[in-house]
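Student: The structure's right below; bear with me while I get my questions together.
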Amino acid sequence: DAKTTQPPSMDCAEGRAANLPCNHSTISGNEYVYWYRQIHSQGPQYIIHGLKNNETNEMASLIITEDRKSSTLILPHATLRDTAVYYCIVRATNDYKLSFGAGTTVTVRA
Amino acid sequence: DTAVSQTPKYLVTQMGNDKSIKCEQNLGHDTMYWYKQDSKKFLKIMFSYNNKELIINETVPNRFSPKSPDKAHLNLHINSLELGDSAVYFCASSQVAGGDTQYFGPGTRLTVL
């Protein structure tokens, strides 16, 4: 019952921007787009979330299309420490849980 | 100054034993969660407590019993451990129950032999 579709894996060169796509074509009006990542053997780490406007914080930028059916997480200058599984999650404001899919395994190469 | 902490980090035990995993958060959050990550790496919610009251129980066997002595703690007790219980268990917390950002602990890797 995954609400999002992500590529299973992608590579990125160190120092370059990493653009991670996510499709959520059935997203509802009250659902936010959340991004988490999980570095090997660690707990999931919150990155960013948004409803319809683009968002930026110290870790990343989130670009949501106008129809909200897809989004892109941008890591502006990827480092080796950004190698992780990245999860795009759609979640309603009254939803208690996070529903994780398979995510995208991002490998940053020197 | 760890926000969400879990003990132990690793737990190896025999089938049939009873074990507990402890979780503590120092963020002042009202809601805490337990997630399970199996060998295929899928993360699934197990339980959620808000202000010490159970609000989510996702069809988890009743061998699993969460206990929340106070808002800052949510422990997971597992009776009669089975091989299939081997997984990584993550605790998380959020300020409020619905739609709020969740912050995860480092995980407890449980191995049942």
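Student: How big is D, in µm² s⁻¹, for the protein assembly as shown by Stokes-Einstein at 37 °C and 0.692 mPa s if Rh is the Kirkwood radius over C-alpha pairs?
Tutor: 181
Student: For region A:65-110, would you read off the P(r) tail past 18 Å as a percentage of all alpha carbon pairs?
Tutor: Of all Cα-Cα pairs in region A:65-110, 46 percent lie more than 18 Å apart.
Student: Rounded to two decimals, what ratio of Rg to Rh does chain B give with C-alpha atoms and a Kirkwood Rh?
Tutor: Ratio of gyration radius to Kirkwood radius for chain B: 0.95.
Student: Per residue of region A:96-107, what does 6.51 cos²θ - 1.76 cosθ + 1.60 with θ = phi - 60° give for ³J(HN,Hα)? Whole Hz please, x for Gly and Pro, Karplus curve as stated.
Tutor: 6, 10, 9, 9, 8, x, 7, x, 10, 7, 9, 10
Student: Pop out the ³J(HN,Hα) list for region A:55-65 in order, Karplus 6.51 cos²θ - 1.76 cosθ + 1.60 with θ = phi - 60°, rounded to Hz; leave Gly and Pro as x.
Tutor: Coupling constants for region A:55-65: 10, 9, 9, 5, 9, 6, 10, 10, 10, 10, 5 Hz.
Student: With charges only on Cβ, +1 for K and R and -1 for D and E, what is the dipole size of region B:48-113 about its Cα centre, in debye, rounded to 20?
Tutor: So the magnitude is around 140 debye.
Student: Another question, if that's okay. Bin width 10 Å, alpha-carbon pairs only: give the P(r) of region A:9-70 as whole percents, running from 0 to the bin holding the largest distance.
Tutor: Distribution as computed: 18, 48, 30, 4 percent.
Student: Which value in nm describes the separation of the simple spin-label points at B:Thr7 and A:Met59, placed 7 Å from the Cα toward the beta carbon?
Tutor: Placing both labels 7 Å beyond Cα along the Cβ direction yields 2.7 nm.
Student: Which translational diffusion coefficient, to the nearest whole µm²/s, is obtained for chain A from the Stokes-Einstein equation, given a Kirkwood hydrodynamic radius over C-alpha pairs, 4 °C and 1.567 mPa s?
Tutor: 93
Student: Looking at region A:25-103, which GluC sites (Glu not before Pro) are in a loop (DSSP not H, G, I, E or B) and have at most 14 other Cβ atoms within 10 Å?
Tutor: When the GluC sites (Glu not before Pro) of region A:25-103 are filtered for loop state and at most 14 Cβ neighbours within 10 Å, A:Glu58, A:Glu66 remain.
Student: Using the Cα centre of chain B as origin and beta-carbon charges of +1 (Lys, Arg) and -1 (Asp, Glu), tell me which of B:Val12, B:Gly105, B:Phe64 is placed farthest towards the positive end of the dipole.
Tutor: Sorting the options by dipole projection puts first B:Val12.
Student: Once you charge only the Cβ atoms, +1 for Lys and Arg and -1 for Asp and Glu, what is the size of the charge dipole of chain A about its Cα centre, to the nearest 20 debye?
Tutor: Here chain A has a charge dipole of around 100 debye.
Student: Hey, which of these cross-link pairs are over 27 Å Cα-Cα: A:Lys97/B:Lys19; B:Lys40/B:Lys71; A:Lys3/B:Lys22; B:Lys44/B:Lys71; A:Lys3/A:Lys52?
Tutor: Correct reply: B:Lys40/B:Lys71; A:Lys3/B:Lys22.
Student: Shifting gears a bit: Averaged over peptide B:34-43, how many Cβ atoms belonging to another chain are found within 10 Å of each residue's Cβ?
Tutor: What the average comes to for B:34-43 is 3.
Every number here is computed from the coordinates shown, using simple stated rules; none is lab data. Predicted, not measured: the structure shown is a model, and the values here were computed from it. Cβ: placed from backbone, ideal geometry, glycine included. Neighbour counts: every protein chain shown.
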